[in-house]
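For reference, the structure discussed in these notes is given below.
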Amino acid sequence: MNILANLSNIIIPLLIFYIVAYGISAHVNVYDEFLEGARSGMQTVISIAPTMIGLMIAVGVLRASGFLDFVGNLCNRLFSGADIPAPIMPLLLIKMFSSSAATGLVLDIFKEYGPDSQTGLLTSLIMSSTETIFYTMSVYFMAAKIKKTRYTLPGALVATLAGVIASFLIVRFL
Amino acid sequence: MLNYIWAFMIIIGIIYGSLTGHMAELSNAALDSAREAVTLCITMLGVMALWVGLMQIAQKAGIIASMTKKLRPFLLFLFPRLRYEDIALEYISTNVVANILGLGWACTPAGLKAMEELGKIQRNNKTCKDPTAASNEMCNFLILNISSLQLIPVNIIVYRSQYGSVTPTSIIMPAILATTCSTLAGILFIKFADKSPS
């Protein structure tokens with residue numbers, strides 16, 4: 001755990017150092033470029049702000065109504081042998097369809113359980129190691145006018161499952 | 001899709017809340033969540049400015065271009081029927097690098113271009129019987145894409161710090177480990193499934 005945490009701590013400073021040093025030695029106007037990128041990064045956030053507001057309201061309503069606890073308990077009963085924290089199964093299901101809807105649930109989990117709790121860590125890792133299977137497939141295959149997706153879905157499910165299992169194992173050892 | 005999910009969440013929430021007598025909490029929650037979302041976006045403004053700013057330097061310095069180039073020989077291993085100079089391979093490479101660096105805005109355009117080029121290759125292939133069926137390359141590309149390639153989960157780090165994590169970045173190495181597992185599983189699956197003819 002200590003090694004992992006220490007490595008985690010040095011990655012961001014190392015990355016910043018590498019990019020800035022590489023940039024300046026390649027005669028890039030690093031500060032000007034940084035400002036330009038920062039501006040476009042802020043614009044991205046502004047453009048997704050309405051999405052965040054909409055989804056956090058929806059999840060907030062679901063949480064306050066008691067429905068999230070109801071679904072969590074239901075999942076607990078269904079998977080009682082597997083020892084999965086209550087909010088994880090709904091999160092996994094939603095994540096396959098929509099990344100932003102999953103984000104709403106993630107924020108709710110962080111608020112309820114704390115980001116450093118077992119459930120919070122598990123949530124962080126699962127979100128980092130999985131993708132929105134059905135959304136990605138529909139966007140890409142629709143653009144390419146493909147109807148038969150052949151072995152894409154099984155492959156995507158295998159990769160996602162591996163990410164989820166790895167997340168569980170890693171949290172257990174942290 | 002999101003229209004239905006969103007409506008479902010709001011409608012179920014209000015119906016369930018009215019049945020269980022949580023209406024007061026519910027109206028507070030709606031207002032509080034809206035305010036909270038704005039606070040979160042303010043935190044995100046800073047971190048995203050930092051990240052995209054750095055990536056802009058990386059792009060101008062040629063770091064991203066050189067990563068894209070270095071990745072291509074490795075991609076040939078996953079797409080054995082493509083040639084090094086195929087445009088499709090270049091787009092795939094751009095998409096993968098953008099994914100690895102978490103540049104969401106750069107992934108999708110390159111990915112769609114890659115699919116388009118793979119479609120052209122498929123239609124030129126005389127042994128291809130059904131152009132509405134995905135080629136092996138398309139399947140491999142999407143599995144690789146969906147296996148999650150992003151190394152540093154910037155968004156998750158922001159959310160963690162917003163909700164009081166002591167060390168928001170401590171999940172970077174574990175996350176790299178987990179995402180490596182999912183990608184390796186995806187690659188193994190590709191190597192296993194790609195033997196069947198398209």
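The values are calculated or read from the model by the stated rules, or taken from the named source; none is laboratory data. Values in this document were obtained by computation on a predicted structure and should not be read as measured data. We place every Cβ from the backbone using ideal geometry, glycine too, and count neighbours over all the protein chains shown. Heavy atoms of the whole protein, side chains included, go into the accessibility calculation; ligands, DNA and RNA do not. Shrake-Rupley method; radii C 1.70, N 1.55, O 1.52, S 1.80 Å.
Quick notes on this one:
- Test result for A:Y113, buried (at least 17 other Cβ atoms within 10 Å of the Cβ) and at pLDDT 90 or above: yes
- Test: residue in the range A:157-165 that is among the hydroxyl-bearing types (S, T, Y) and under 20 Å from B:Y163 (Cα atoms): no
- Where helices (runs of 4 or more DSSP H) fall entirely within the range B:100-198, those with at least 3 residues that are among the β-branched types (V, I, T) are at B:154-162, B:172-193.
- Those residues of the range B:66-122 which are open to solvent by 10 Å² or more (accessible area, probe 1.4 Å), more than 19 Å from the chain's Cα centre (by Cα), within 14 Å of chain A (Cβ to nearest Cβ) and under 18 Å from B:E137 (Cβ atoms), in sequence order: B:E117, B:K120, B:I121, B:Q122
- The C-beta contact set for the range A:5-29 (first residue free of Cβ contacts under 8 Å to residues at least 12 places away in the same chain and under 22 Å from B:S170 (Cβ atoms), second residue open to solvent by 50 Å² or more (accessible area, probe 1.4 Å) and part of a helix (DSSP H, G or I), distance under 9 angstrom, 6+ apart or interchain) comprises A:I16/B:L50.
- Against the numbered list (1) facing chain A (nearest Cβ under 7 Å); (2) surrounded by 24 or more Cβ atoms within 10 Å (Cβ to Cβ), B:N140 comes up short only at (1).
- Picking from residues in the range B:123-137 that are open to solvent by 30 Å² or more (accessible area, probe 1.4 Å) and hydroxyl-bearing (S, T, Y), the one that is farthest from the other protein chains (Cβ to nearest Cβ) is B:T127.
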